[in-house]
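Heads up, the thing below is written out as structure tokens.
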Amino acid sequence: MACDFITSGRALPCKEGFGGLNAVYFVGSADAASEVVTFNTDSDSIDSVGTSIPAYKYELRSSSALTQTPTQDANAGTTYVEQSLELDLQIMTSEDNDNLRLIMLDRPQIVVEDNMGNFMLCGLEYGCNVSGGSATSGAAAADKNGYSITFSAMEKTFANFIEPSTPSSGVMADAGFSVS
């Protein structure tokens, strides 16, 4: 059986890249289960996820990052991508403790918004799990007070970009998310 292969090359892009994450949006597994994901006809990017899927926005600054690592086993004939999302959340609160506990008990999908304006959905098929982290108050006055939480997902492909075919009111709304 022949495998599909690429149909285009890639030119060297302009030097306009900018790293880092702007925000993440948590989608509960029960809400994700009701999704009807529609993919763009020209790529594996997501056009929509249904209508009014609740998503909870966490704004980010500083050192949060998404790293995706493809892995293959030639002997087993398998390929997967480890999606690792490291979140740096400043200032600990009682409400954050409660919300993070509920997130840790679930297998949420997480939409990542990077500083280039891209939106990517992590854990599309199997959800994301907390794989590490800490909550720290620091020792000195200038030390970090907040959370470092790592989420991991093992998926068949890289996190899908979300690119609604009819953009009008913003990527998340146009894709069918109701953001709080």
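The values are calculated or read from the model by the stated rules, or taken from the named source; none is laboratory data. As the structure is a prediction and not an experimental result, all values here were calculated from the model. Cβ atoms come from the backbone with ideal geometry, glycine included; neighbour counts cover every protein chain shown. What goes into the accessible areas is simple: the full protein's heavy atoms, side chains included, and nothing from ligands, DNA or RNA. Shrake-Rupley method; radii C 1.70, N 1.55, O 1.52, S 1.80 Å.
Figures for the structure shown
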read-out: A23, sole failed condition from (1) under 23 Å from D174 (Cα atoms); (2) in contact with a Pro (Cβ under 8 Å, 6 or more places away or on another chain); (3) aliphatic (A, V, I, L, M); value: (2)
read-out: Members of region 7-29 that are aliphatic (A, V, I, L, M) and surrounded by fewer than 17 Cβ atoms within 10 Å (Cβ to Cβ); value: A11, L12
read-out: Residues within region 93-127 that are more than 12 Å from the chain's Cα centre (by Cα) and open to solvent by 20 Å² or more (accessible area, probe 1.4 Å), tallied; value: 19
read-out: Hits in region 135-165 (condition: hydroxyl-bearing (S, T, Y), assigned to a loop (DSSP other than H, G, I, E, B) and surrounded by 17 or more Cβ atoms within 10 Å (Cβ to Cβ)); value: none
read-out: Scan of region 58-92 for residues that are touching an Asp or Glu at 6+ places or on another chain (Cβ under 6 Å), without any contact (Cβ under 8 Å) to a residue 60 or more places away in the chain and surrounded by 14 or more Cβ atoms within 10 Å (Cβ to Cβ), ordered by number; value: S64, A65
read-out: D4 under 25 Å from S84 (Cβ atoms) and either open to solvent by 90 Å² or more (accessible area, probe 1.4 Å) or at pLDDT below 90 (or both); value: no
read-out: Top-ranked residue in region 30-44 [being among the hydroxyl-bearing types (S, T, Y) and within 15 Å of F177 (Cβ to Cβ); ranked as surrounded by the most Cβ atoms within 10 Å (Cβ to Cβ)]; value: T38
read-out: Output for region 45-56, where each listed residue is open to solvent by 80 Å² or more (accessible area, probe 1.4 Å) and either free of Cβ contacts under 8 Å to residues at least 12 places away in the same chain or under 15 Å from the mean Cα position of the chain (by Cα) (or both); value: Y56
read-out: Residue count for region 1-25, restricted to those that are hydrophobic (A, V, I, L, M, F, W, C), in contact (Cβ under 8 Å) with a residue 60 or more places away in the chain and farther than 25 Å from T166 by Cβ; value: 2
